[in-house]
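Remarks on the structure that follows.
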Amino acid sequence: MAKKTGAEALGRFYTGGKVRSRREWRGFKDTMYDYSRWLVIMGTLGKFIIKPRNIKAMFRYRWMANYLAVPMMVDRHTQGLRGEYLRMCHVEQDLIIDDVAKLLDNLFRGDRRIGNDKEFSKKVVLVDENEMTAVMMGFPTLKTLSRETPSTYVPVLLNQHAVEYYLDKIEEFGLAPDVCPMPAAEAGVSVDDDAPILGACAIQCNTTCDGSLLSNGVISKRLEEDGIPVFQIGAPLRHREDDVQEYAAQEIRNAIAFIEEHTGAKWDWKEYFECARRVNVATRSRMEWLDMNRTEYPQVFGSNLALYTETNYMAICGRIPAFEKADRKLCKLAEQAYAKKNMMAREYRHRAIVWGVQSHYYFDFLLWILNCWGIVPLTDMLSMVSTKIIAEEDTPENREQAYYDMAWLTENMIMRNRTHGGYKVLLDELWEFVDQFNADMVILWEHTSCKALDGMHGMFEDRAREKGVHLVWVEHDLFDPRIVSRQGVRDQINSYMRTVFNEEPLDPSLEILDDANSW
C-alpha cells in the first residue's frame with residue numbers, strides 16, 4: 001500500500017476537527033514501530049497523570065489541557081517519514097516528551113498550591129525559558145526547572161491556540177499589542193497567577209530582545225512577591241568581541257555565588273566537567289549532522305534538527321545522560337541512512353536555509369515544505385548555535401576556563417546568538433551558510449512583532465540579489481495564529497512556488513488544508 005515514501009496523499013488525514021481521520025499506513029514494519037512508540041508515549045502520559053497532584057494540576061492550570069494533544073503533535077512531526085527518519089524522530093520526540101513530563105511532575109511536587117513539598121522546593125532553581133542552563137552544570141543536588149517552558153512554549157507546539165488567552169490578558173493590563181507574543185504570553189501567565197510557585201531562587205538572563213526583558217521584569221516582580229529572589233545575568237550584547245569576555249565570565253561567577261547563597265549547595269567541579277563532556281558530544285554530533293547536510297544526501301534536518309537542538313543545547317546543556325545516548329543513536333541512524341543514500345521525500349527540488357524567528361504555532365512547517373514542495377530545510381537559524389568545543393578535563397587551568405566557556409554558551413544561546421552581536425551574525429553569516437550548504441533558496445520568517453529583524457528587510461533582499469538566491473519572505477506572528485493563520489503561512493509558499501518557480505506540488509493534497517481548528 002503506502003510503504004514507499006511519498007506514496008500516500010498526506011492531506012487526506014486532515015478533517016478540519018481536532019484530530020486526524022486515521023493513522024498513517026507506512027508498510028508493516030514501520031507502522032508497527034510507529035504504533036509501538038505511540039504506546040510508549042501513552043505510557044509516559046499515563047504514568048504522569050496517575051499521580052493525584054498532577055490530576056489536581058490539570059484542573060488548576062489552564063495551559064495543562066493542551067497536553068492532551070501530545071500524540072497528535074507527534075503525528076504531525078512524523079507524517080510521511082519512513083525507516084531511519086521515522087526512528088530518528090521518535091528517538092528525539094519520545095525523549096523530549098519524557099523530559100517535559102518529569103519537568104511538570106517536579107514543578108507540581110514543589111508547587112505551594114499542589115504538592116507543597118517544602119524540602120524539595122528548597123533544592124529548586126528556576127530558570128527562564130530562554131535561559132541557557134550552563135550555570136547549573138555544577139550543581140548535581142539541585143533541580144533546574146522552568147515555569148515558562150511548560151506553560152507557554154510547549155503548549156503552542158501542541159495547540160496553536162494555546163496562549164491566546166494570556167495574550168489578551170496581558171493586553172488588558174496595558175501591554176501594547178505589537179509586542180512579540182512569546183514574552184507577552186509569558187508575562188500574561190504571570191499576571192494571571194497561572195504559574196506554579198516554588199523554588200529557592202531564580203536565574204534570568206537579558207535574553208533575545210526588549211520584549212523578553214520586559215516579560216522578565218514582570219515575572220521577576222511576581223517571583224519576588226512570592227519570596228523567591230531573582231538574579232539576572234547581564235550577558236554582553238557584543239558577544240563576538242574579546243574585550244567583553246572577562247565581564248561575561250564574572251557574571252557567571254556572580255550567578256553561581258548567588259545560587260550557592262540561596263540554596264546552600266556548593267559547586268561541584270567533577271559534575272561540571274562531566275556535563276561539559278556531554279555538551280561536547282552534542283556539539284560534535286550536531287556538527288556531523290550539518291556536515292551531512294552539506295552533501296547531496298542530507299539526513300538530519302527540518303524538525304529532526306530544529307526541535308531537538310533547541311531542547312538538547314539550551315535546556316539540557318549536558319545535565320541529563322539520556323541525551324548523550326540519544327545523540328549517539330541519532331548519529332548511527334543518520335550514518336546508516338547516508339550510506340544507503342536514503343531520502344526523506346521522494347524528490348528533492350530545492351535546498352533551503354530557513355532563517356529568522358520560527359513560527360512555533362505551526363512548528364511542522366519544515367516537514368510540510370518538504371512533503372508538499374520538495375524543499376529540503378537543510379538547517380534553520382535556531383539550530384546554528386555554538387560549534388565551540390569547551391574544556392572537559394578537570395585541571396586548575398580548565399577550572400578558570402570553565403567560567404569563560406559557560407559565559408560563551410550563555411552568550412550564544414538559541415536565537416540570542418543571532419539577534420545580538422551586530423549584523424554580521426544575523427546577515428553576513430546567513431550567506432556564508434548558503435554557500436556552505438549549496439542552498440538555492442532562503443526562507444526568511446518575517447515575524448511581524450520582531451522589530452530587530454524586520455528593520456533589516458532591505459539588507460536581506462540586497463544580499464539575495466547579489467548572490468542570485470531566491471529569498472521567500474513568510475509573515476507570521478509567532479504564537480498568535482489570529483494574525484496569520486496556518487493556511488496564511490502556507491499560501492505564501494504556495495504562491496511563490498507557483499508564480500516564481502512555475503512548479504506543481506509534490507503532494508497537491510497538502511497545498512490547502514482545513515486545519516484552522518485542529519491541534
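The values are calculated or read from the model by the stated rules, or taken from the named source; none is laboratory data. What you see is a predicted model, and the numbers here were worked out from it, not measured in a lab. Glycine also receives a Cβ, built like all others from the backbone with ideal geometry; neighbour counts cover every protein chain displayed. These area figures cover heavy atoms from the full protein model, side chains too; ligands, DNA and RNA do not enter into them. Shrake-Rupley method; radii C 1.70, N 1.55, O 1.52, S 1.80 Å.
Before moving on, here are some points about what is shown:
- Pairs from the table (Lys118/Lys270; Lys18/Lys424; Lys3/Lys332; Lys18/Lys329; Lys47/Lys329; Lys4/Lys388) lying more than 31 angstrom apart at Cα are Lys18/Lys424; Lys18/Lys329; Lys4/Lys388.
- Modelled label positions at Arg60 and Asp514, each set 7 Å beyond Cα in the direction of Cβ, lie 4.1 nm from each other.
- Cross-linked pairs Lys102/Lys169; Lys51/Lys143; Lys29/Lys102; Lys123/Lys221: Cα-Cα separations exceed 23 Å for Lys102/Lys169; Lys29/Lys102.
- Extending 7 Å from the Cα toward the beta-carbon at both Arg465 and Ala257 defines two label points whose distance is 5.4 nm.
- 5 angstrom amide H check on Trp473, placed H, neighbours 5+ away: Leu444
- Relative contact order [Cα under 8 Å, 6+ residues apart], the stretch 10-510, whole percent: 17
- Rough spin-label spacing in nm, given labels placed 7 Å along Cα→Cβ, for Arg240 and Phe28: 5.6
- Of every Cα-Cα pair in the stretch 106-220, the percent that sits beyond 26 Å: 19
- Net charge over other residues, Cβ less than 11 angstrom from the Cβ of His77 (K, R count +1; D, E count -1): -2
- Three-way shape call for the stretch 437-512 based on the alpha-carbon gyration tensor, with the a/c threshold at 1.5: oblate
- Heavy-atom accessible area per residue - the chain, 1.4 Å, Å²: 38
- The chain: angle of helix 28-49 to the longest principal axis, Cα-based, in degrees nearest 10: 30
- Tilt relative to the chain, helix 486-499 - C-alpha long axis, 0 to 90 degrees, to 10: 40
- Within-14-Å neighbourhood charge of Ser285 [Cβ basis; K, R +1; D, E -1]: +2
- With Cα atoms defining each centre, the stretch 51-95 and the stretch 288-356 are spaced 20 Å apart in the structure.
- Each peptide among 129-141, 412-424 gets the average number of other Cβ atoms lying within 10 Å of its residues, and from highest to lowest they stand as 129-141, 412-424.
- 13 Å beta-carbon shell around Glu274, net charge (K/R +1, D/E -1): -2
- Ignoring aspartates and glutamates fewer than eight residues from Lys325 along the same chain, the ones with Cα atoms less than 12 angstrom from its Cα are Glu92.
- Cα gyration tensor, the stretch 31-185 - rounded (a/c under 1.5), prolate or oblate: oblate
- Per-selection Rg to Rh, the chain - Cα, Kirkwood hydrodynamic radius: 0.94
- Fraction of accessible area attributable to carbon and sulfur, the chain (%, probe 1.4 Å): 54
- Among 176-188, 395-407, the order from most to least packed when residues are scored by Cβ within 10 Å on average: 176-188, 395-407
- Packing-based ranking, highest mean first, of 214-223, 365-374 given that Cβ atoms within 10 Å are counted: 365-374, 214-223
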